[in-house]
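Note sheet for the following structure.
The values are calculated or read from the model by the stated rules, or taken from the named source; none is laboratory data. Source: prediction; values computed, not measured. Reconstructed Cβ throughout: ideal geometry from the backbone, glycine too, with neighbour counts over all protein chains shown.
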Amino acid sequence: MWYFDSPHVIFGEEALSYLAELKGRRAFVITDRTIVRLGLAQLVIDQLTAAGLAYTLFDEVEPEPSLQMIQHCAGILEQHHPDWIIGLGGGSCLDAAKAAWLLYENPGIDPASVNPFDQYTLRDKAKLIAIPTTSGTGSEATWYAVLTDTVEQRKIGIGTRGLLPDYAIIDPALVMSLPPATTADTGLDALTQSIESYQSTWRNDFSDALCLHAVRLIFTYLPRVYAAGTDREAREHMHNAAAIGGIGFGNSQATLAHCMGHALGVLFHIPHGRAVALFLPYTIEFTVNGGGSRYADIAQALSLPTDNEATGAANLVAAIRDLERQLRQPLTLRELGIDRPAFEQALPELVARAETDTQIATSLRVPDSGDLRRLFEYAFDGKGIDF
Amino acid sequence: MGIKFASDEWMKALKEELSKSDGYRDAAKTWEGDFYWVVTGMPGEAANVHLYVDLWHGECRDAFRATDAAAKTPEFIIEATYAVWRKVVDKKLDPLQGMVTRQLKLKGNMLKIMKAPKAATELVLCATRVATDWPA
Ligand SMILES: [Zn+2]
């Protein structure tokens, strides 16, 4: 027994105009100042006004949304009592909207106690709309959110199926001016999530279909949007790919590259997509060495030569590295600018964090501490995984 | 000829597998906590079967079939039907997925379990290594 969940997805040009059809009293838009400055929040407000809804704009989401900011936001939600909550922005804003919604619906709840095994009140007061302005995290289609407790200096993962947004609006107009570096980082997150969710022990027929097609779209359109951000057709497909991969990922799980990337991201403040994508080729090699993987399927979907798992995986790794080079991404920790002493000092903590990451258990081949240590070391120098 | 699932002998065999497993020892090196695994609806059993296991820093300190459920008050209780336990031991059901879908019902601190995902995986691996007879 397993579930398949997806938000109601509105996609393509003019998708944002769906907001003008909303029925209700008040919408509460959760975003950040950059989105406001770029005029994207105004596009949303115009539609809400056309729908005859009152609105409140909250633009205080930080790049790494903090528990403290979310609690502040939930307090304002309580004062304004909206029946729609709209998360607008990159993964941070969408995660912030999910978390603030959870607190609004469950006053006083400790977000750190929220887990996938219990059920929580949601949708009694408001429904959630997610509007991504990057093409990558897939947060618009998942039931997870990550917060940072700035007082205790720790990450808090919130995951419960009810946190899935009711609607995801995938409008390419919102990503037309995404800068190349963010396009690459977020696009590679989508790629990593899609490839990992296809290999995860939680994978299933439903997630497989989505992940495989997302990988195809990303390989075709990510180089194009990186080279020419104004390529409207490519932007639209890439924006769809991120959501498709997100639904696949949300109904399966990411795996080892995400565990390693999370650890690296926290200790060295590396953008999420860049960190997870850096580890992806190494973890593919490690996984295929253990047997039982399904990389040949992916290689085949990309029309790469594949006689068997080993050649499929090798050609997939080569294709990923090619793509990463085109996107001017680092392939090793050294290229990322981490020096040897800093790396060695952080290594025990990197291993400890990666091996307690929840996504390690969904990896097809679960590394022990020694394997993890070597994986990080090989990724530092860019050595092929031979164990 | 295997060992009957959920018998005291089966628990001893599991303890033996855990003690032999480097993978488990490494994955569970910081784990502290004991369990009742409760099997409901087991063929040939009039009542629920309580299996006690005490796991500590990569070691299985104790494992037995409890004759009196009140004998211990473990930190965690996981309850499932006989059919579900069989799927877990046969590696046909990931225990975390089983908990998400409530096929396995857990009492105790869920977050502590979520921080030890690798230990859970290795523990199941050890259980699969016990040659098990499944009474029909
Ligand atoms: Zn990711």
- prompt: Within region A:46-56, can you find the residues that are surrounded by 18 or more Cβ atoms within 10 Å (Cβ to Cβ) and not in a loop (DSSP other than H, G, I, E, B)?
  reply: A:GLN47, A:LEU48, A:TYR55
task: Could you grab me the full set of residues in region A:120-134 that are more than 13 Å from the ligand (Cβ to nearest atom), in a loop (DSSP other than H, G, I, E, B) and crowded, with 21+ Cβ neighbours inside 10 Å?
output: A:LEU122, A:ALA126, A:THR133
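I'd like to check something: does region A:164-182 contain any residue that is within 14 Å of chain B (Cβ to nearest Cβ) and either touching a strand residue (DSSP E or B) at 6+ places or on another chain (Cβ under 8 Å) or within 30 Å of B:LYS92 (Cα to Cα) (or both)?
Looking for residues that are within 14 Å of chain B (Cβ to nearest Cβ) and either touching a strand residue (DSSP E or B) at 6+ places or on another chain (Cβ under 8 Å) or within 30 Å of B:LYS92 (Cα to Cα) (or both), one finds at least one in region A:164-182, hence yes.
Scan region B:76-100 residue by residue and report those that are in a loop (DSSP other than H, G, I, E, B) and buried (at least 16 other Cβ atoms within 10 Å of the Cβ).
Just the residues of region B:76-100 that are in a loop (DSSP other than H, G, I, E, B), to begin with: B:90-94.
Within region B:76-100, B:LEU93, B:ASP94 qualify.
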query: When residues of region A:151-170 are filtered for being of a type in the set (Val, Ile, Thr) and not in a strand (DSSP E or B), how many remain?
result: 2
Answer from A:PRO223, A:PRO180 - the residue that is over 30 Å from A:ASN289 (Cα atoms) and more than 16 Å from the ligand (Cβ to nearest atom): A:PRO180
Candidates A:ARG365, A:ARG325, A:ARG374 - the one that is loosely packed, with under 15 Cβ neighbours inside 10 Å and basic (Lys, Arg): A:ARG325
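Give the residues of region A:337-363 that are among the hydrophobic types (A, V, I, L, M, F, W, C) and either within 14 Å of chain B (Cβ to nearest Cβ) or in contact with a Leu (Cβ under 7 Å, 6 or more places away or on another chain) (or both), sorted by residue number.
A:PHE343, A:ALA346, A:LEU350, A:VAL351, A:ALA352, A:ALA354, A:ILE360, A:ALA361
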- prompt: Just wondering, is there one or more residues in region A:136-150 that are within 14 Å of chain B (Cβ to nearest Cβ), part of a loop (DSSP other than H, G, I, E, B) and more than 16 Å from the ligand (Cβ to nearest atom)?
  reply: no
field: Cross-chain or 6+ apart pairs with Cβ under 6 Å, region A:364-378 first and within 9 Å of chain B (Cβ to nearest Cβ), then buried (at least 19 other Cβ atoms within 10 Å of the Cβ) and modelled with pLDDT of 95 or more
entry: A:SER369/A:VAL351
message: I'm told A:ARG154 meets every condition in (1) away from the ligand (no atom under 16 Å from the Cβ); (2) of a type in the set (D, E, K, R); (3) away from every other protein chain (no Cβ under 14 Å) except one. Can you identify the failing condition by its number?
response: (3)
message: Testing A:ALA299 on (1) touching a helix residue (DSSP H, G or I) at 6+ places or on another chain (Cβ under 9 Å); (2) away from the ligand (no atom under 16 Å from the Cβ); (3) over 15 Å from A:CYS211 (Cβ atoms), one condition comes back false. Which one is that?
response: (3)
- request: Count, please, the residues in region A:261-280 that happen to be within 12 Å of the ligand (Cβ to nearest atom) and away from every other protein chain (no Cβ under 14 Å).
  value: 11
- prompt: Got at least one residue in region A:249-258 being more than 14 Å from chain B (Cβ to nearest Cβ), surrounded by 23 or more Cβ atoms within 10 Å (Cβ to Cβ), within 16 Å of the ligand (Cβ to nearest atom) and not hydroxyl-bearing (Ser, Thr, Tyr)?
  reply: yes
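Would you check if B:VAL53 is assigned to a helix (DSSP H, G or I) and surrounded by 15 or more Cβ atoms within 10 Å (Cβ to Cβ)?
In short, no.
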query: Is it the case that some residue within region A:14-27 is in a strand (DSSP E or B) and among the basic types (Lys, Arg)?
result: yes
message: Looking at region A:2-34 only, could you name the residues that are loosely packed, with under 13 Cβ neighbours inside 10 Å and touching a strand residue (DSSP E or B) at 6+ places or on another chain (Cβ under 6 Å)?
response: A:HIS8
